[in-house]
Amino acid sequence: MEELVRNLKNSGVLKTAQLVEAFLKVDRKDFVPENLKDLAYVDEALPIGESQTISQPYTVAFMLELLEPRSGETIMDVGYGSGWTTALLAHIVGPNGKVYAFERVPELYDFGEKNVSKYPDLRKRIIFNCRDASTGVSGEKFDGIIAAAEVLEVPGAWREQLKIGGRLVYPRGGAVFKEVKKDENNFLVEKYPGFVFVPFIKDAD
């Protein structure tokens, strides 16, 4: 894991001290299927079943740097799959923060939750949800929201439940977008092209 982290730092994508520490403490090997353990430190997306993947470490680092998670914050993680990003976030937000993790595929919900449970202290900071995330969490406000799957249209609840100054990071149309909530009606939007993601699937009404 140390070599992977070193390569991510050298590439310029992994920069923040808290993120570097999280990558070193939360071992990607604990979040890949047994038959792929020997590929855990390769900088590539790997299949985890149900036509989903554990994202490429470069992409995870890139998106988390955009999200800027901090100690004590409340974060929503959409489409957690393997649980690796969720665990990284739980490490960063610390014991006074919390992560709402969403995975709508039951098999992946179980897989990711089981993987995160290898880190009992991190598991305590996470609320797992086996359902569609498009309605967010009623009554909650988030410092950050991150989605791992391609979003065709950002659900209104996400922008509504984001705190002023909160960050929203998601993929759409082969790019990663970052939105910062300036006030209730205005968002600063940045676009970073050149990425490929699995599609975000919304439950049928």
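The values are calculated or read from the model by the stated rules, or taken from the named source; none is laboratory data. None of these values were measured; they are calculated from a predicted model. Here the Cβ positions follow ideal geometry from the backbone for every residue, glycine too, while neighbour counts run over all protein chains shown. Accessible surface is based on the protein model in full, side chains and every heavy atom, while ligands, DNA and RNA are left aside. Shrake-Rupley method; radii C 1.70, N 1.55, O 1.52, S 1.80 Å.
Worth a mention:
- Residue list for the range 12-51, restricted to those being among the charged types (D, E, K, R) and open to solvent by 20 Å² or more (accessible area, probe 1.4 Å): 15, 21, 25, 27, 29, 30, 34, 37, 38, 43, 44, 50
- Residues within the range 106-128 that are open to solvent by less than 30 Å² (accessible area, probe 1.4 Å) and either outside any helix (DSSP H, G or I) or of a type in the set (D, E, K, R) (or both), tallied: 2
For (1) closer than 15 Å to residue 162 by Cα; (2) of a type in the set (D, E, K, R); (3) in contact (Cβ under 8 Å) with a residue 12 or more places away in the chain, each residue gets a yes or a no:
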position: 69; (1), (2), (3): yes, no, yes
position: 91; (1), (2), (3): no, no, yes
position: 139; (1), (2), (3): yes, no, no
position: 144; (1), (2), (3): yes, no, yes
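- The residue that is nearest to residue 19 (Cα to Cα), among those in the range 93-121 that are within 12 Å of the chain's Cα centre (by Cα) and among the aliphatic types (A, V, I, L, M), is 99.
- The range 146-168: number of residues that are of a type in the set (A, V, I, L, M, F, W, C), part of a strand (DSSP E or B) and in contact (Cβ under 8 Å) with a residue 24 or more places away in the chain: 3
- Residues in the range 52-78 that are of a type in the set (Ser, Thr, Tyr) and open to solvent by less than 50 Å² (accessible area, probe 1.4 Å) were compared, and the one that is modelled with the lowest pLDDT is 55.
- Checked against the criteria, residue 81 counts as modelled with pLDDT of 95 or more, crowded, with 17+ Cβ neighbours inside 10 Å and not aliphatic (A, V, I, L, M).
- Screening residue 171 with (1) assigned to a helix (DSSP H, G or I); (2) within 27 Å of residue 41 (Cβ to Cβ); (3) out of contact with any Lys or Arg (no Cβ under 9 Å at 6 or more places or on another chain) gives one miss only, at (1).
- Meets criteria (out of contact with any helix residue (DSSP H, G or I) (no Cβ under 6 Å at 6 or more places or on another chain), among the aliphatic types (A, V, I, L, M), under 18 Å from residue 179 (Cβ atoms) and open to solvent by 20 Å² or more (accessible area, probe 1.4 Å)) for residue 148: yes
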